[in-house]
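Below is one structure, written out as structure tokens; comments come after it.
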Amino acid sequence: MQLTSLGLVRGIIGYFVGLVIGMAVVMISRLALGMSAWDQEAGWVGGIVFATIGFMLAVGSMTDWLKWTRGVETPFHHGPPVGKPAWTRYFSVDYNHKVIGIQYGVTGFLLLIIGGSFALVFRAELADSGISFLQPGTYNTFLSMHAWVALASILLGVGGMANYLVPLMIGAEDMAFPRLNAFAYWINVPAIITLMISMLFGWDSGWTAYPPLSLRGPVGYQMVFWAIFGIGLSSILGSLNLIVTMLTMRPKGMTLFRMPIFCWAILATSIIQLTATQLIGLAFLMLSFERTLGMPFFNPLYNALGENIGGQPLLFQHLFWFYSHPAVYVFVLPGLGIISELLPVFARKPLFGYRWIALSSLAIALVGFLVWGHHMFTSGYGEYLRVVFMISTLLVAVPTGVKFFSWLGTLWGGRLTFPTPMLFTLGAISVFLIGGLSGPILATAATDLFLHDSYFVVGHFHATIFGGFVFPFFAAIYYWYPKITGRMYNETLGKIHFWLMTPGFWVMSLAQMTAGTMGMRRRIADYDPALGVEPVHMLITIAGFVIAFSILLMIYNLFTSAEVGALAGNNPWRSRSPEWQIPSPVPEHSYARPITVVGEPYDYGLAGSTYVAMAGAGDD
Amino acid sequence: MLKLPQSSTDRKHFVIVGALVVIATIALGFFLLAILPVKAQHSVQAEPIRWLFQLHVWLIAFLFALVVVFMLYALIVFRKRKGDDSEGEHFEGNTTLEVAWTVIPLILVVIFSFIGFQTLRDATRGGDEVQVEAVGFQWSWTFNYPNGVVSQEMVLPVNKPALISLRATDVIHSFWVVEWGPKQDLVPGMTTRIHITPTKVGEFQIVCAELCGLSHWSMVAKVRVVPEDEYIAWMNQKLVEQNIQTASR
Ligand code: HEM
Ligand SMILES: [Cu+2]
Ligand SMILES: [Cu+2]
């Protein structure tokens with residue numbers, strides 16, 4: 001087998017060919033305009049744009065569409081590629097949503113490891129005061145990379161869960177637009193390559209990239225802007241696909257309020273992704289244009305009279321947070337959906353208040369659009385705005401509370417068992433509780449004037465993101481692992497993972513909050529030992545390494561169990577959901593015949609009821 | 001060992017959990033106050049912030065206890081016993097409960113909005129008996145007084161309301177003295193303000209709280225809060241120094 005028969009390898013070659021072509025095009029155009037040939041800002045932007053196109057063409061994600069323009073028909077090919085080993089399909093363009101789901105999930109996991117490693121590097125530096133091995137410039141790059149790589153990992157992890165599970169859960173053959181689905185996955189790959197290249201040049205603004213700082217720093221910024229644009233494009237296309245799939249491809253009998261609850265979470269998430277992402281894409285493009293072409297969007301610029309004829313730095317913050325606040329719900333709503341999905345199975349009880357949970361996801365998504373200004377309490381915008389955004393932000397607590405109380409109602413009176421996925425679900429609730437409860441204290445503007453840009457905020461959002469994404473993501477991996485591989489993971493290792501990671505995380509977030517109240521600023525390469533935070537930092541670093549070690553155990557477990565794990569059977573968890581009624585691993589065509597929904601999804605304990613009838617119920 | 005009822009709706013469960021929630025709230029409240037030592041206590045504006053922070057801590061303690069105690073209790077009492085293969089009790093929800101735990105938090109939101117509004121007002125207002133302009137740039141500060149005195153350290157008289165105007169010359173910075181409480185960004189192209197009435201004599205640090213590039217971490221300056229007579233003496237000395245400098249040029 002030739003290496004170039006792998007789409008990924010062809011794509012990477014295409015990337016670098018495109019990079020050279022793009023840079024050449026820019027240089028020639030500049031010469032033609034009578035300018036010096038090389039300008040690194042313009043050169044790299046041209047290079048990145050062409051490189052991305054080069055990748056997408058070479059990987060084959062646009063092949064079918066190009067054939068259509070020539071009137072060539074492209075029937076679907078199902079199954080592994082002909083004449084190549086089955087695993088190669090994971091490294092090439094494949095239209096099966098289960099393959100794409102795994103591609104998303106594995107890439108996401110990989111990025112989680114890379115992003116986490118960046119954090120370990122600078123956590124080691126921060127363990128004691130004084131600069132030991134990371135110079136401030138490198139520190140800033142690692143810090144900023146940690147953020148965006150971790151955020152990309154979350155977006156891809158969410159994409160993985162949604163792509164793999166949604167069609168299975170609604171009994172659909174595939175997604176509504178399989179080719180668009182593949183395109184939406186693959187556009188992430190050149191974006192990630194671009195993001196990694198930015199490390200060679202460095203950048204130092206943190207993930208928020210506030211101008212004017214981001215307009216002045218090294219050319220690494222350009223790569224960040226375009227990388228995030230690519231990942232954002234993936235979010236937009238992917239969510240469009242998911243919305244259409246859920247709205248049009250449900251089986252007979254599955255009304256919206258009979259969808260598995262995870263689908264509701266993904267519906268709410270997709271609405272945010274489809275709309276809000278456009279704002280950050282736009283904002284980052286504007287930064288790039290301002291750097292490359294000198295369009296004065298954000299940087300103030302004075303004429304001889306001292307009047308500002310340039311831009312407004314605060315405008316960027318509005319655009320940025322109009323996406324980035326709703327985005328935090330993109331990170332957590334799917335995870336909260338996983339919690340709601342798993343609790344009934346392990347409690348053997350109906351989900352308490354299904355409709356309330358479903359609608360609370362939508363409510364969180366919608367209110368989430370009105371609160372962006374809580375990131376700007378100290379920014380110097382109009383003072384009355386502080387009050388407006390304080391109130392709207394506090395309102396988010398209401399639908400969030402509905403979820404917590406409904407989960408308690410689901411546990412109450414159950415027959416609870418505690419295999420690893422259930423442990424991670426409960427761990428998720430405990431951690432998200434820490435994160436959620438530290439939200440309102442940031443929302444009342446007065447307290448935020450003190451806490452903003454301190455470690456308290458760092459503690460808050462790591463707790464929300466771990467509780468809302470990482471823990472549920474791990475729960476989901478352990479839970480669906482037997483469905484994906486056909487084998488059981490090792491339960492003992494899974495439990496050790498949990499009992500290392502969860503207390504480790506509690507300690508880490510509380511210690512971060514402690515450091516914040518003691519006056520520790522976030523995003524600093526070194527701190528004054530006079531603050532008295534040194535022991536706290538040591539604690540955070542140790543906890544961070546414990547968490548990292550526990551994740552290594554998980555990886556080991558997942559790899560070895562795929563070979564030696566006990567055969568899982570179709571439905572080891574005795575779930576009612578349709579994907580558990582079919583063989584494990586799921587066959588190429590998931591459902592041999594269309595399914596029909598004949599009951600409620602979570603009627604555990606209701607004798608004689610089922611959710612789906614598998615054989616099409618003989619009606620057509 | 002007391003015998004627990006079989007039915008999940010038995011009142012006994014709720015009495016036990018209720019008692020445990022109360023105990024846990026108190027324990028947790030004091031624990032959180034101990035591990036979250038709010039350093040802001042040396043200005044008039046810091047007081048309302050600390051007060052509201054502590055009020056939040058008690059609410060957090062209660063809500064955390066409420067959820068966690070209920071959860072742990074359920075995990076222990078409703079765990080599946082060996083040999084029991086039955087399913088859980090079948091109930092799908094309870095509209096009264098759902099409405100209750102929507103409306104009660106909503107009331108809390110209204111209350112906290114009101115308290116939050118008042119606290120915000122108290123934490124951001126003050127007089128302008130002393131005025132000083134702080135200019136932030138990569139990666140240091142200078143301070144200009146209205147009478148033309150320029151200084152590398154900020155000096156303020158204790159217990160006098162100060163209005164600090166903030167100006168950035170390059171990128172965004174943020175003015176923060178931890179002990180004083182609130183912070184305020186400096187934005188190129190606009191002038192921002194912060195009111196501070198320092199209440200404790202001593203030396204503190206002004207730090208930049210908004211990532212501003214390479215040496216952001218070391219963008220600090222000294223601030224001295226002194227008795228009023230000392231402040232006047234310092235100011236006079238500065239005036240003399242600077243006049244001499246101007247004259248000899
Ligand atoms: C209970 C609801 C929540 C409330 C009231 C809340 C409130 C806030 C507030 C006011 C801030 C601004 C703090 C500051 O920078 O000074 C903040 C920051 C943040 N929150 Fe939340 N939050 C909530 C839930 C969440 C959730 C669910 C997430 C999901 C991941 C999240 C992620 C973040 C992030 C990432 C930041 C920091 C952004 C940055 O400055 O880099 N929050 N939150
Ligand atoms: Cu937010
Ligand atoms: Cu600064």
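The values are calculated or read from the model by the stated rules, or taken from the named source; none is laboratory data. Model, not experiment: these values are computed from the prediction. Backbone-built Cβ (ideal geometry, glycine too); neighbour counts: all protein chains shown. Protein only, heavy atoms only, side chains kept; ligands, DNA and RNA dropped before computing areas. Shrake-Rupley method; radii C 1.70, N 1.55, O 1.52, S 1.80 Å.
Table for the structure above
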| item | result |
| --- | --- |
| Cβ neighbours within 10 Å from other chains - mean over A:209-217 | 4 |
| With all protein chains modelled, accessible area of residue A:90 [1.4 Å, Å²] | 90 |
| Heavy-atom accessible area ranking, 1.4 Å probe, most first, across A:457, A:546 | A:546, A:457 |
| Whole-Hz couplings from phi, Karplus 6.51/-1.76/1.60, listed for the range B:31-41; x for Gly and Pro | 4, 5, 4, 6, 8, 10, x, 5, 6, 6, 8 |
| Axial C-alpha extent at least 30 Å, average Kyte-Doolittle at least 0.0 - helices from chain A (DSSP) | A:7-32, A:97-126, A:136-169, A:220-248, A:261-293, A:313-347, A:383-411, A:491-517, A:534-564 |
| Average beta carbon contacts from partner chains per residue of A:398-406, 10 Å cutoff | 5 |
| Residue (of B:155, B:130, B:242) at the positive-pole extreme of the range B:130-247, dipole from beta-carbon charges | B:130 |
| In Å², nearest 10: area of residue A:487 left accessible to a 1.4 Å probe | 70 |
| Solvent-accessible area per residue for chain A (1.4 angstrom probe, square angstrom) | 33 |
| Positive dipole terminus of the protein assembly as shown, leading residue within A:279, A:253, A:184 (C-beta point charges) | A:253 |
| Interface area, A with B, accessible, probe 1.4 Å, both sides summed, Å² nearest 100 | 7600 |
| Cβ crowding within 10 Å averaged over residues, with A:508-519, A:168-179 ranked highest first | A:508-519, A:168-179 |
| The protein assembly as shown: C-alpha gyration tensor shape, a/c 1.5 cut-off, then a/b vs b/c | oblate |
| For the protein assembly as shown, with +1 on Lys and Arg beta carbons and -1 on Asp and Glu, the positive-most of A:210, A:45, B:5 along the dipole | B:5 |
| Net dipole in debye of the protein assembly as shown [+1 Lys, Arg Cβ; -1 Asp, Glu Cβ; about Cα centre; nearest 20] | 1540 |
| For the range A:353-377, residues shielded by at least 40 square angstrom of accessible area compared with the chain on its own, probe 1.4 Å | A:356 |
| Alpha carbon centroid spacing (whole Å) that separates the range A:233-298 from the range B:10-70 | 38 |
| Candidate lysines for bridging to residue B:82, where Cα separation is under 22 Å - those fewer than 8 sequence places away on the same chain excluded | A:349, A:495, B:3 |
| FRET efficiency, 1/(1 + (r/R0)^6) with R0 60 Å, evaluated for residue A:492 and residue B:100 via beta carbons | 0.90 |
| With DNA, RNA and ligands ignored, accessible area of residue B:208 (1.4 Å probe; Å², nearest 10) | 0 |
| Whole-number accessible area per residue in Å² for chain B, which is evaluated in the context of all protein chains at 1.4 Å | 48 |
| Nearest 10 degrees, 0 to 90: helix B:46-77 Cα axis against chain B principal axis | 20 |
| Accessible surface of the range B:94-155 [probe 1.4 Å, protein heavy atoms]: carbon and sulfur percent | 66 |
| B:229, A:453, B:128, B:122, ranked by accessible area, largest first (probe 1.4 Å) | B:229, B:128, B:122, A:453 |
| Max mean-square fluctuation residue, GNM over chain B, Cα-Cα springs under 10 Å, options B:121, B:11, B:167 | B:11 |
| Inter-part distance where the range B:214-237 and the range A:559-590 are each reduced to a Cα centre, Å | 68 |
| Nearest-0.05 FRET efficiency for residue B:169 and residue B:131, computed from C-beta distance (R0 25 Å) | 0.80 |
| Computed magnitude of the charge dipole of the range A:492-590 (debye, nearest 20; Cβ of K, R +1, Cβ of D, E -1) | 280 |
| Neighbouring partner chain Cβ atoms per residue of A:415-427, average, 10 Å criterion | 2 |
| Net charge over other residues, Cβ less than 14 angstrom from the Cβ of residue A:77 (K, R count +1; D, E count -1) | -1 |
| Estimated dipole of the range B:130-247 in Debye, rounded to 20 [Cβ of Lys and Arg +1, of Asp and Glu -1, Cα centre] | 140 |
